[in-house]
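The values are calculated or read from the model by the stated rules, or taken from the named source; none is laboratory data. Given the structure is predicted, the values throughout are model-derived calculations rather than measurements. Because the Cβ atoms are built from the backbone with ideal geometry, glycine has one as well, and the counts that use them run over all protein chains shown. Areas reflect the complete protein model, heavy atoms only, side chains present, ligands, DNA and RNA absent. Shrake-Rupley method; radii C 1.70, N 1.55, O 1.52, S 1.80 Å.
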Amino acid sequence: MPSSHTGSIEVICGSMFSGKTEELIRRLRRAEIAKQKVAIFKPAIDTRFGNDHIVSHNEQKLRSFPVRSAKEILSNSHEAQVIGIDEGQFFDADLIDICNALADQGKRVIVAGLDMDFRGKPFEPMPQLMAIAEQVTKTQAVCMQCGEPASYTQRLTEAKERVVVGAKEMYEARCRRCYEPPEE
Ligand code: ADP
Ligand code: MG
Ligand code: ZN
């Protein structure tokens with residue numbers, strides 16, 4: 001069924017604890033109130049709170065479908081008018097073309113994800129998505145050291161890998177002044 005709407009891509013990005021998932025849930029709930037067909041995806045890698053919900057740190061949640069690759073989003077979105085994707089930074093580079101293809105079909109695509117990794121470097125594919133999105137929202141957390149607005153994610157352990165899934169015990173939000181980049 002072709003859509004009468006112009007499709008679009010919205011990106012919600014920021015550090016951990018900045019309210020990305022909360023904001024994604026808020027937008028998706030409003031779409032449901034408007035009786036639009038909503039499909040929600042998250043990468044199967046993020047098993048922090050079980051596999052079948054997107055969950056925010058203030059314990060809001062919405063049922064979602066875990067996928068192993070960005071391609072699986074395309075094949076499970078035929079019916080949807082609004083598509084929500086959480087933890088976008090954990091997807092492969094295909095996510096960019098897939099979001100474009102879905103938006104070209106007239107769908108509203110909303111992607112939440114980390115804009116930077118724990119080293120303070122852009123976290124692909126989020127920067128590429130930000131470039132092609134109609135709308136970008138940067139959310140900020142509260143710096144756990146000084147209380148200022150925070151845009152960085154400080155890893156509190158020595159692990160060097162880029163992807164280490166964890167929450168409060170492993171990461172904290174920091175402002176530019178309090179953030180200490182890890183050693184190479
Ligand atoms: P994200 O998806 O960006 O990691 P969530 O939407 O899951 O963020 O969580 C946002 C919620 O986290 C806030 O509403 C607040 O209740 C809680 N929270 C915990 N630590 C912080 C912090 N340092 N700054 C802001 N909110 C925090
Ligand atoms: Mg989140
Ligand atoms: Zn600070």
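Of a type in the set (D, E), open to solvent by 60 Å² or more (accessible area, probe 1.4 Å), out of contact with any Phe, Trp or Tyr (no Cβ under 8 Å at 6 or more places or on another chain) and outside any loop (DSSP other than H, G, I, E, B), is that true of E59? Taking the combined requirement at face value, the residue does not satisfy it. Of the residues in segment 99-113, not one is basic (K, R), within 12 Å of ligand 1 (Cβ to nearest atom) and either surrounded by 15 or more Cβ atoms within 10 Å (Cβ to Cβ) or under 30 Å from E180 (Cα atoms) (or both). Checking each residue in segment 14-41 for being within 13 Å of ligand 2 (Cβ to nearest atom) and either at pLDDT below 95 or over 17 Å from C99 (Cβ atoms) (or both) picks out G14, S15, M16, F17, S18, G19, T21, E22, E23, I25, R26.
Within segment 1-13, the only residue that satisfies the criterion of being among the hydroxyl-bearing types (S, T, Y) and at pLDDT 95 or above is S8. Please work out if E87 is on the phi > 0 side of the Ramachandran plot, within 13 Å of ligand 1 (Cβ to nearest atom) and touching a residue at least 12 places away in the same chain (Cβ under 8 Å). So E87 passes the test.
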